[in-house]
Amino acid sequence: MAVRLNAYLARAGVASRRQADELIKAGRIRVNDAPAELNTFVGSADVVLVDGSRVSPQPPAYVLLHKPGGVVTTARDPHGRPTVVDLVPRNIRIVPVGRLDADTTGALLLTNDGELAHRLAHPRYEVEKVYVAEVEGDPSDAALGRLAAGLELDDGRTAPARVRRLGISTIELAIHEGRKHQVKRMCEAVGHPVQRLHRSRYAGLDLQGLGPGEWRQLAPAEVESLRALTRTRRSRPG
């Protein structure tokens, strides 16, 4: 059965449907050696190329990885550093959802479901991420209160967060935004720079039973829970 090209590319793990449309408009997609158009439909006999490489739909795959330190969150690294994709099965093309800094450890989802990946990463759905941060010094209750209430960063005010003290110099933060280096910048802003950062949960998924560098496939019920998180756009009061 023929499907619209953007849906085909999403099923191949290339991009979400909206992102696929941008690739098509940029001239990066060819079908049967001809430039693709937004209204192109393709079937199993068609040859689809993305930047010259052939792609095809794959069975959906959802992998939870316990990312170790020193590994970059990308499919390929021009500097030859190890990537998260090097740690997971090579028989199917999956890419990370969002990003963790090279020195940050913890829960990372990888999938070839481009549409779900796009929704999970989109701020409108407010997917929760829980971090454990070891910081310099011992944050006061006032500092924790500022983190919880939201504070001004150079790219705007952060949304309210759940914050609790786990021990001296160790705090847990639950946020639903995904700005670059957000937790590190938040802690820096209250005078307690991060020494070590670990993401303990992502979208309700935890790392129970997984050591650094280990991974597991999600159960169908877990995939359905992720879909449920992104079915309804959340709205804040006020």
Exercise for the section: Answer yes or no as to whether Arg227 is in a helix (DSSP H, G or I), basic (Lys, Arg) and surrounded by fewer than 18 Cβ atoms within 10 Å (Cβ to Cβ). Expected result: yes
Among residues of segment 148-195 being among the β-branched types (Val, Ile, Thr) and under 19 Å from Glu126 (Cα atoms), the residue surrounded by the most Cβ atoms within 10 Å (Cβ to Cβ) is Val183
Selection over segment 126-161 where residues are touching a helix residue (DSSP H, G or I) at 6+ places or on another chain (Cβ under 7 Å), closer than 22 Å to Leu205 by Cβ and assigned to a strand (DSSP E or B) yields a count of 2
Picked from segment 91-140 (must be among the β-branched types (Val, Ile, Thr), modelled with pLDDT of 95 or more and open to solvent by 20 Å² or more (accessible area, probe 1.4 Å)), the residue farthest from Ala159 (Cα to Cα) is Thr105
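Looking at Gly43, Gly70, Gly13, which is the one that is touching a residue at least 40 places away in the same chain (Cβ under 8 Å), of a type in the set (Gly, Ala, Ser), under 30 Å from Gly106 (Cβ atoms) and open to solvent by less than 80 Å² (accessible area, probe 1.4 Å)?
On inspection, the qualifying residue turns out to be Gly13.
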Reported set for segment 61-75 where residues are part of a loop (DSSP other than H, G, I, E, B) and either among the polar types (S, T, N, Q) or farther than 14 Å from Gln217 by Cα (or both) is Pro68, Gly69, Gly70, Val71, Thr73, Thr74, Ala75
For Arg81, are the conditions met, namely being farther than 20 Å from Glu115 by Cβ, open to solvent by 60 Å² or more (accessible area, probe 1.4 Å) and in a strand (DSSP E or B)?
no
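The values are calculated or read from the model by the stated rules, or taken from the named source; none is laboratory data. Quick caveat, the model's predicted, so the values are computed rather than measured. Note: ideal-geometry Cβ built from the backbone for every residue, glycine included; neighbour counts use all protein chains shown. Areas reflect the complete protein model, heavy atoms only, side chains present, ligands, DNA and RNA absent. Shrake-Rupley method; radii C 1.70, N 1.55, O 1.52, S 1.80 Å.
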